[in-house]
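The values are calculated or read from the model by the stated rules, or taken from the named source; none is laboratory data. This is a predicted model, so every value here is computed, not measured. FYI the Cβ positions are ideal-geometry reconstructions off the backbone, even for glycines, and counts take in every protein chain you see. Surface accessibility is based on the protein's heavy atoms, side chains included, excluding ligands, DNA and RNA. Shrake-Rupley method; radii C 1.70, N 1.55, O 1.52, S 1.80 Å.
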Amino acid sequence: MKKAILLGATYSKWLNIEKSLGELALLLKSIDIDPVMSFWQVLRTPLPSYLGTGKLNEIARYIKMYEADGVVTDDELNSVQRTSLEKMLKVEVLDRTQVILKNFSRSATTQEGKIEVELATLEYALSHLIKSKDMSRLGGGIGTVGPGESKLEMDRRTIKRKISLLETEIEKISREKMTKKSKRISSIIPKVSIVGYTNAGKSMLLKSLSGFEIKSEDRLFTTLDPITRKVWIGENLYALFSDTVGFISKLPTQLVKAFKSTLDEIKDADLILLVIDGSDDDFEKKMQVSIDTISEIGVTDIPILKVINKIDLCDSNRLSALSREYPDTIFVSALKRLYLDELLSKIRDELTKDYINLEKEVDASQWQRIIGMEGIRIMNFNSSDGKVHAKLKINPVILSKITEVQNVV
């Protein structure tokens with residue numbers, strides 16, 4: 001498919017179908033399909049043909065006019081709807097879920113990401129198998145059932161077998177990640193997950209905070225496989241920041257299931273940074289989609305810090321309105337590196353809120369041992385006559401190690 005006409009259906013005249021179709025157009029451009037025109041219809045109930053017959057006859061004329069070779073629907077189709085559209089329009093038909101899967105496939109670079117995309121694609125195929133009148137021939141090999149087995153049953157059995165193999169591979173990768181995770185936990189470096197709607201600027205934020213070159217583009221789903229970097233957050237502290245796959249509205253359930261291993265990265269975090277594009281007119285809806293997705297993953301007890309990004313694209317009136325409505329939110333521009341120090345300060349406070357306050361005077365050699373330990377936040381210090389007087393916040397996990405340093409406690 002090179003040129004497509006977009007189709008949308010809504011069952012409430014109050015829903016903004018145009019914005020949803022606009023997002024679908026961006027998804028198509030990301031996989032090099034040109035969206036040439038959009039049609040939508042307000043309906044009372046879902047139709048077997050997705051849209052009404054009259055509307056589809058009109059669309060058929062525009063398909064010829066624009067020389068489009070396909071149509072793409074803004075909703076996931078069932079088998080009846082897909083068959084009806086293909087029969088009436090006589091072009092290739094894709095739905096929103098397939099487009100998202102194609103975007104994910106383009107962005108997958110690691111073995112885990114590629115397996116998860118294939119698993120999600122097979123889950124989709126399994127749920128959309130169309131009954132066929134074709135019957136298999138008599139099977140003479142291992143695993144065949146014999147005469148009378150339908151093509152549908154054969155396809156279902158084949159797909160389930162592939163899904164089982166892929167799930168085994170994912171489980172193996174998950175076990176390896178758990179081993180790495182246990183080593184990471186032993187280092188007590190806190191973990192921060194950067195999450196949010198796709199194209200909110202998560203990768204650019206990680207790039208600006210870490211100083212590492214990280215791929216970031218003005219297109220959807222640039223990041224699929226989690227990227228983790230160790231970041232200096234000030235006052236003797238480091239944290240591991242992970243950039244995660246972007247969320248999107250109408251996220252297919254099979255994607256959430258298939259990407260469990262990737263999304264579990266978020267569940268392992270000590271803090272979640274929810275990044276929102278402040279310049280987006282659909283700001284509130286996308287923020288709510290992100291919050292709902294976090295909940296769907298099963299995250300319930302991890303603190304969430306909201307970060308409104310791209311303030312360099314907002315005028316003063318918009319910023320004033322957002323500041324009044326979201327007083328506890330941090331406002332930044334990752335691209336222009338604006339107010340990142342304020343963000344890091346807030347992150348430090350959140351990550352060390354359960355640390356123990358300690359004030360002590362030590363000599364220079366003891367001080368060098370202290371500042372070389374992980375889990376110690378230096379609030380302030382001064383030195384005189386070979387002694388260092390410091391105010392610290394200590395991770396309770398390492399309190400016993402601190403006692404090994406003479407005269408510290």
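Structure data summary
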{"quantity": "0 to 90° range, to nearest 10: angle between helix 340-351 axis and the chain longest Cα axis", "calculated": "80"}
{"quantity": "Given charges at beta-carbon only (K, R positive; D, E negative), |dipole| of the chain in Debye", "calculated": "900"}
{"quantity": "Shape of the stretch 310-409, Cα gyration tensor, a/c cut at 1.5", "calculated": "prolate"}
{"quantity": "Longest exposed-site-free window of the chain, the sites being trypsin sites (Lys or Arg not before Pro) in a DSSP loop that have at most 16 other C-beta atoms within 10 Å", "calculated": "251-335"}
{"quantity": "Relative contact order computed over the chain (Cα-Cα under 8 Å; 6+ residues apart), in percent", "calculated": "11"}
{"quantity": "Whole-number percent relative contact order across the stretch 286-403, with pairs defined as alpha carbons under 8 Å at least 6 apart", "calculated": "19"}
{"quantity": "Net charge over other residues, Cβ less than 14 angstrom from the Cβ of LYS250 (K, R count +1; D, E count -1)", "calculated": "-4"}
{"quantity": "Exceeding the 23 Å Cα-Cα cut-off - candidates LYS2/LYS90; LYS202/LYS250; LYS172/LYS202; LYS177/LYS346; LYS29/LYS286; LYS346/LYS393", "calculated": "LYS172/LYS202; LYS177/LYS346"}
{"quantity": "Length gained when the stretch ASN16-LEU165 is fully extended (0.36 nm per residue, less Cα-Cα span)", "calculated": "49.5 nm"}
{"quantity": "Sulfur and carbon atoms: percent of accessible area, the stretch 289-393 [1.4 Å]", "calculated": "46"}
{"quantity": "For the chain, the longest site-free run once GluC sites (Glu not before Pro) in DSSP loop states with at most 11 other Cβ atoms within 10 Å are removed", "calculated": "214-403"}
{"quantity": "Point-to-point label distance, VAL80-LEU129, nm (Cα→Cβ direction, 7 Å offset)", "calculated": "2.0"}
{"quantity": "For the stretch 334-409, accessible area per residue (1.4 Å probe, heavy atoms of protein chains only), Å²", "calculated": "61"}
